[in-house]
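Everything below concerns the one structure shown next.
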Amino acid sequence: MNQIINMFLRIIMRKVMSKGIDAGINKASSMRNGRKQQQQPKGEIDDYGNPVQRGPSQQEVRAARRAKRESNNKG
């Protein structure tokens, strides 16, 4: 009788563990794909909820670098 009970417990525990592992893997893979879409715009609110001043945009930085390079090449 004890062997039969152990056999059923092993079967049930194996199924429960595999379902839990599968659910965890699925959740981790969905989090990886969803992170790119959930990003906040840079410089609005930090991790603690405090407002942060926004710096220059990437286009502005590139334009400034380009202008600096051109002025160095002319002189």
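The values are calculated or read from the model by the stated rules, or taken from the named source; none is laboratory data. Remember, predicted model here, so these are calculated numbers, not experimental data. Heads up, the Cβs are rebuilt from the backbone with ideal geometry, glycines too, and the neighbour counts pull from every protein chain shown.
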>> When you scan region 11-34, do you find a residue that is at pLDDT below 80 and not in a helix (DSSP H, G or I), even just one?
In response: no
> Taking interchain pairs and intrachain pairs at least six residues apart, which have beta carbon atoms under 8 angstrom, with the first residue in region 1-24 and loosely packed, with under 10 Cβ neighbours inside 10 Å and the second at pLDDT below 95 and outside any helix (DSSP H, G or I)?
Replying inline: none
